[in-house]
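Q: Dropping the structure in here first, questions after.
The values are calculated or read from the model by the stated rules, or taken from the named source; none is laboratory data. Values in this document were obtained by computation on a predicted structure and should not be read as measured data. Ideal geometry is used to build each Cβ from the backbone, glycine not excepted, and the neighbour counts take in all protein chains shown.
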Amino acid sequence: MSLRIVVCVKYVPDATGDRSFAEDLTTDRDAVDGLLSELDEYAVEQALQIAEATEGAEVTVLTAGPEDAADALRKALSMGADKAVHVEDDDLHGTDVLGTSLVLAKAVEHIGYDLVVCGMASTDGGMGVLPALLAERLRVPQVTLLSEVSVADGKVTGRRDGDAATERLQASLPAVVSVTDQSGEARYPSFKGIMAAKKKPVENLDLEDLDIEAEQVGLAGAATAVLSATERPARTAGEIVHDEGEGGKLLAAFLAGRKFV
Amino acid sequence: MTEVLVLVDHENGTVRKPTLELLTLARRLGDPVAVHLGPGADIAAPVLAEHGATRVLAADAPEFADYHLVPKVDALQAAFDAVGPAAVLVPSSGEGKEIAARLALRTGSGLVTDAVDIAPGDDGPVTTQSAFAAAYSTTSRVTRGVPVVTVKPNSATPEAAPAAGTVEELAVTFGPLATGTAVVSRAPRESTGRPELAEAAIVVSGGRGVGSAESFSVIEDLADALGAAVGASRAAVDAGWYPHAHQVGQTGKTVSPQLYLAAGISGAIQHRAGMQTSKTIVAVNKDAEAPIFELVDYGVVGDLFAVVPALTEEIKARKG
Ligand SMILES: Cc1cc2nc3c(=O)[nH]c(=O)nc-3n(C[C@H](O)[C@H](O)[C@H](O)COP(=O)(O)OP(=O)(O)OC[C@H]3O[C@@H](n4cnc5c(N)ncnc54)[C@H](O)[C@@H]3O)c2cc1C
């Protein structure tokens, strides 16, 4: 059996840096160093585990993003993915999630797939809806937000821990899945993996290759507009006391003062 | 009259509080029309009416329970086509966001997720969201189609605004995608008897500093004295000390209670993402340099095993 797995990954500004907005109210990508979204490492990990358990499986990592996004692909390749596809086009700047799902869906179809694996959300935009949109566009089942996933006999099965219930979900391939950070720690690239990644193929595509018009994406193609972005005022420093036996009482008095007790 | 669709979040007809908040927000934009999918519309209707629903469009079918999510998208789309709404409001759960996204794509509409406020504007509703771990607040507007907006819990105070709430049958034809993902089994989450984390007015959270599953009783005792929900950091969840459903942060729940109390939590950016818009924040941590202290209105540097039980006792004593 062969299994073609495509993992969608995003190159994001490091969450531990001072992230901010550029003048056009898109994410400022120059202000902070970028990296492979940590939540997508879980997707790469699960894809690799599924591939390792399946004969003739191939893992392709896919990203749509600026030139630097190649770093994210390189990281995924060094973890063990087989090849990479990078969709890069100046017209992509400012694309919203609906536009991004169009680009990725076209690219996934271009690559050929049995299973698409995504992270649960990006660590910058954080909407968490791209996998569902991909499934809608590709017209295949979505099996998303999984804390556990496995593939056998042409079916994908997983556990979804929702707000109201835990569900076991199952769908026939081809399908789109997304995995959470509960799905299992991602591996670190080994030295051998890092060296091997340098020789792995990276295919570059632009919008024309995917038959997408510039108007369908970018800021102009977006169906939402950000009107303003305001830095939240820093919280004013409160009172800090050192516990010398009275800490609990002092805290209770503070809470009582604010009518919580 | 302008109508606004509100997707009802419920368990067998028991409506969850965020839905009532959505009805209250929807009234700013038009007449709320509630969409109730699955059993219990007769139980839900009076509550929905009490909070402003002029109509309740109800559909029940085995597909809603047997197959995942897409049947609900088909039904919400049927309501969309029948009503021609000015906006669609959906609760911001994982499922709510995915339903909203697919509806937006199908109807050629713009999507806003995780709004914390929504107000009418000259060019359609203006939404407010948090960005970058709540370091920023942004406002947005949908520029194409009908705004589809998911709204976070605690974004408004539910107001009584009695309306007719007439129950009408919603006719739904399921498309070919509806049966793609089977729900093989479903185990409802057991109630803890404490307030729901995302909806609670007070949240008491424990982190790695709590040290073990057993010691979480210290956190629970304080929560019970305050009538609070219990939260946990990812470190505590990953260690297996507390269930993931209680995780606060980027990959857990976002909470915005009146009071957030963090014990044995350092205050990493991913944790802050889930709690920094809380009204009052207090922390107990033995490390005076812990970043959580940058956020607090009141902080105690000390051992949580001394401070928290003493606090619990004092609260009980004050309550008499
Ligand atoms: C992609 C991603 C997503 C993440 N999502 C989340 C998320 O949703 N939620 C989340 O919480 N984290 C999340 N994290 C993890 C986050 O980065 C931190 O690792 C985590 O929040 C740390 O938890 P902690 O504060 O409990 O533990 P630590 O950082 O280890 O802090 C423990 C604190 O307890 C104090 N302490 C120890 N003993 C005592 C005592 N006896 N009395 C008082 N104080 C004591 C210590 O001084 C220390 O400050 C995420 C990380 C990544 C990369």
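Q: Among the listed residues A:Ser2, A:Ser20, A:Ser101, A:Ser78, identify the single one that is within 14 Å of another protein chain (Cβ to nearest Cβ), away from the ligand (no atom under 16 Å from the Cβ) and more than 21 Å from A:Val217 (Cβ to Cβ).
A: Details: A:Ser2 fails: within 14 Å of another protein chain (Cβ to nearest Cβ); A:Ser101 fails: more than 21 Å from A:Val217 (Cβ to Cβ); A:Ser78 fails: within 14 Å of another protein chain (Cβ to nearest Cβ).
After applying the criteria, what remains is A:Ser20.
Q: Going by the conditions given, is B:Ala198 within 16 Å of the ligand (Cβ to nearest atom), within 12 Å of chain A (Cβ to nearest Cβ) and closer than 19 Å to B:Leu7 by Cβ?
A: Details: within 16 Å of the ligand (Cβ to nearest atom): yes; within 12 Å of chain A (Cβ to nearest Cβ): yes; closer than 19 Å to B:Leu7 by Cβ: yes.
Here the answer is yes, as B:Ala198 does meet what is asked.
Q: Given (1) over 29 Å from B:Gly274 (Cα atoms); (2) surrounded by 23 or more Cβ atoms within 10 Å (Cβ to Cβ), identify the lone condition not met by B:Ala65.
A: Evaluating B:Ala65 over (1) over 29 Å from B:Gly274 (Cα atoms); (2) surrounded by 23 or more Cβ atoms within 10 Å (Cβ to Cβ) leaves (2) as the failure.
Q: I need the full set of residues from segment B:257-269 which are crowded, with 21+ Cβ neighbours inside 10 Å and either in contact (Cβ under 8 Å) with a residue 60 or more places away in the chain or out of contact with any Leu (no Cβ under 8 Å at 6 or more places or on another chain) (or both), in order please.
A: Listed by number, the residues that qualify are B:Pro257, B:Tyr260, B:Ala262, B:Ile265.
Q: Listed residues A:Val85, A:Val140; which is at pLDDT 95 or above and assigned to a loop (DSSP other than H, G, I, E, B)? Don't jump to the end; show me each part of the working.
A: Details: A:Val85 fails: assigned to a loop (DSSP other than H, G, I, E, B).
The unique qualifying residue is A:Val140.
Q: In addition: Since B:Ile269 meets every condition but one in (1) at the interface with another protein chain (Cβ under 8 Å from one of its Cβ atoms); (2) within 11 Å of the ligand (Cβ to nearest atom); (3) among the β-branched types (Val, Ile, Thr); (4) in contact with a strand residue (DSSP E or B) (Cβ under 8 Å, 6 or more places away or on another chain), which condition does it not meet?
A: (4)
Q: Determine, yes or no, whether B:Ala187 is among the small types (Gly, Ala, Ser), within 13 Å of chain A (Cβ to nearest Cβ) and either within 14 Å of the ligand (Cβ to nearest atom) or within 25 Å of A:Gly184 (Cβ to Cβ) (or both).
A: Values: among the small types (Gly, Ala, Ser): yes; within 13 Å of chain A (Cβ to nearest Cβ): yes; either within 14 Å of the ligand (Cβ to nearest atom) or within 25 Å of A:Gly184 (Cβ to Cβ) (or both): yes.
Yes.
Q: Now a separate question. Evaluate the following for A:Asp40: is it in contact (Cβ under 8 Å) with a residue 24 or more places away in the chain, surrounded by fewer than 17 Cβ atoms within 10 Å (Cβ to Cβ) and under 15 Å from the mean Cα position of the chain (by Cα)?
A: On the way: in contact (Cβ under 8 Å) with a residue 24 or more places away in the chain: yes; surrounded by fewer than 17 Cβ atoms within 10 Å (Cβ to Cβ): no; under 15 Å from the mean Cα position of the chain (by Cα): yes.
When the stated conditions are applied, A:Asp40 does not pass them.
Q: Step by step: first the residues of segment B:167-215, then only those that are hydrophobic (A, V, I, L, M, F, W, C) and in a strand (DSSP E or B), then the one that is farthest from A:Leu255 (Cα to Cα). Which residue is that?
A: Of the residues in segment B:167-215, the ones hydrophobic (A, V, I, L, M, F, W, C) are B:167, B:170-172, B:174, B:177-178, B:182-184, B:187, B:197-198, B:200-204, B:210, B:213.
Filter once more, so that each one left must be in a strand (DSSP E or B): B:167, B:182-184, B:187, B:202-204.
Details: B:Val167: 45, B:Ala182: 49, B:Val183: 45, B:Val184: 47, B:Ala187: 38, B:Ile202: 11, B:Val203: 13, B:Val204: 13 Å.
Looking at residues that are hydrophobic (A, V, I, L, M, F, W, C) and in a strand (DSSP E or B), I get B:Ala182.
Q: Let me ask you something else. Just the residues that are within 9 Å of the ligand (Cβ to nearest atom) and either of a type in the set (Asp, Glu) or free of Cβ contacts under 8 Å to residues at least 12 places away in the same chain (or both), please, taken from segment B:201-241.
A: Within segment B:201-241, just B:Asp238 meets the criteria.
Q: Then there's this: Where in segment A:177-261 are the strands (runs of 3 or more DSSP E), entirely inside, with at least 2 residues that are within 7 Å of chain B (Cβ to nearest Cβ)?
A: On the way: elements: A:202-205, A:224-231, A:239-242.
Of the strands (runs of 3 or more DSSP E) lying wholly inside segment A:177-261, those with at least 2 residues that are within 7 Å of chain B (Cβ to nearest Cβ) span A:224-231, A:239-242.
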